[in-house]
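> The structure under discussion is supplied below as structure tokens; questions concerning it will follow.
Computed from the coordinates by the stated procedures, all read-outs in this text should not be read as laboratory data. Treat the numbers as computed from the prediction; the structure is a model and nothing was measured. Cβ placement follows ideal geometry from the backbone for every residue including glycine, while neighbour counts extend to all protein chains displayed.
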């Protein structure tokens, strides 16, 4: 199982690292470090929380300073703040918007100074998480997790992949994962059965080819790939045996060959054309000439919103559905790539117990409900949460689409390691060379292997 193997790999690589949980957040007392930088649970602290049911009060008023981005355009920040304050008398959450551009860099700079006042920070990406861990800017949460009985299995393996030398420094509260979108009207027009929740990549390829129509003026693409490497070159990591940190990328070869053959045969738009034209994946699917598209769960809310507003033509893409991400032969259905958004407690906070309680609540089932109510995907996908998302006005009504929300194994698109940014840059570069024909698949993979092995040897 990749969850266990990858966790071990990442630990030996110095650190393990990337959307978005815990056991019960009710009826517990927030416990943890008694002072900034310590992970020893505190039994007596004036700012520690005392919980009764789901309503938490504090011995004295507490203000938690929380680092976020894009407050005005991201409603769930405010939803979380208001819901937490409503159920935690005496706690005020002060959101500080650092902007989305270079958010993690700005945050790392702030936390490196002596005057930071942040208690809780949002972790946007894995390289940024690595920086904060290396700088000792955030606290390990393991003692808190153990004391409060947080069930990490509810994260579908994501926490294993951000464990650093056996320690966990963040909890995910948001999780976006890849699914397969499809246009039901196009399948109905050809009298072809819809995609299923258990398709191998070979079955997907055959179905995409069956749906393709290369007739000029009425062209239908069986599939569509965004230009991101994760939609093509990383299909192989779902087998549970490989990661992008391997230094040997032969496992990517059959997937590059599959996609390049699909390009050649007109099954999908060409990578080079997409780069030149700048065609966004949303425009491609909403245009009504794409039968299937593998994309992140975040596109679900986009589809719902834009169809309601009329931005998308319902006659072209209004009859849509989703199924689980395709997988290699022998891989468990529901295994998928994902991105997480996490929360961490700063080493500089004067109220670590209160900060932990906020992290635990937001990342737990109560916070998940708040996220789901606005159509966003929380880290914990309980039956209640899945019902909420599936019950949103505009979500596909078929059972297969609802079932697609169940994830069995979540593998981060970019797992964490000491040199993950350098490795990712190398793979991006040679991915482009392969897709544009500048290098053959064998040449590109050989170059990846050579350069990444040099990085790993540092």
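> Can you bin segment 215-282 into rounded, prolate or oblate? Criterion: square roots of the alpha carbon gyration tensor eigenvalues sorted a ≥ b ≥ c, rounded for a/c under 1.5, prolate for a/b above b/c, oblate for the rest.
Details: a/c = 2.71, a/b = 2.02, b/c = 1.34.
Prolate, since a/c reaches 1.5 and a/b exceeds b/c.
> Between segment 301-332 and segment 141-172, what is the separation of their alpha carbon centroids in Å?
Spelled out, the Cα-based centre of one part sits 32 Å from the other.
> Then there is this: Take the alpha carbon gyration tensor of segment 59-212, find the square roots of its eigenvalues, order them as a ≥ b ≥ c, and report rounded if a/c is under 1.5; if not, report prolate when a/b exceeds b/c, else oblate. Before the final figure, lay out the partial values.
Numbers: a/c = 2.26, a/b = 2.03, b/c = 1.11.
The shape class here is prolate.
> Distance in nm between label sites at residue 319 and residue 218, each 7 Å beyond Cα in the beta-carbon direction?
About 1.7 nm, to one decimal.
> Give the order of 118, 299, 177 when sorted by the count of other beta carbons within 10 angstrom, beginning with the fewest. Don't jump to the answer; show the numbers that get you there.
Numbers: 118 23, 299 19, 177 28.
The fewest-first ordering by Cβ neighbours comes to 299, 118, 177.
> A further question follows. Could you give the distance between the Cα centres of segment 118-139 and segment 418-458, to the whole Å?
Result: 27 Å between the Cα centres.
> Ranked highest first by the average count of other Cβ atoms within 10 Å around their residues, in what order do 89-95, 429-435 fall? It would help to have the intermediate numbers written out before the result.
Working: 89-95: 16.0, 429-435: 20.4.
Highest-to-lowest ranking by the protection proxy: 429-435, 89-95.
> DSSP beta bridges in the chain, what fraction antiparallel, as a percent rounded to 5? Display every interim value, and only then the final one.
Values: 30 of 47 bridges.
Expressed as a percentage, antiparallel bridges in the chain total about 65.
> Rank these for me by crowding, 87, 425, 401, going from fewest to most other beta carbons within 10 Å.
Details: 87 18, 425 12, 401 21.
With the fewest neighbours first, 87, 425, 401 line up as 425, 87, 401.
> Another one. For segment 64-81 and segment 231-259, write down the distance between their C-alpha centroids in whole Å.
With segment 64-81 and segment 231-259 each reduced to a Cα centre, they are spaced 36 Å.
> Right, next: Based on the mean of other Cβ atoms within 10 Å per residue, sort peptides 101-112, 354-365 so the most packed one is first. Walk me through the numbers before you get to the answer.
Values: 101-112: 16.8, 354-365: 28.2.
Per-residue Cβ counts within 10 Å, averaged per peptide and sorted highest first, yield 354-365, 101-112.
> Right, another one. Can you show me the helix-derived [θ] at 222 nm for the chain, built from DSSP H runs with n ≥ 4 at -39,500 (n - 2.57) apiece and divided by the number of residues, rounded to the nearest 500.
-11000 deg cm²/dmol, from helical runs alone.
> Then there's this: What is segment 177-335 by shape, rounded, prolate or oblate, if you read a ≥ b ≥ c off the alpha carbon gyration tensor as root eigenvalues and call it rounded for a/c under 1.5, prolate for a/b larger than b/c, and oblate otherwise? Present the calculation step by step, with values, prior to reporting the outcome.
Working: a/c = 1.56, a/b = 1.47, b/c = 1.07.
Since a/c reaches 1.5 and a/b is larger than b/c, the shape of segment 177-335 is classed as prolate.
> Another question, then. Give me the one-decimal nm value for the distance between modelled label points at residue 276 and residue 429, 7 Å along each residue's Cα-to-Cβ direction.
In this crude spin-label approximation the distance works out to 2.5 nm.
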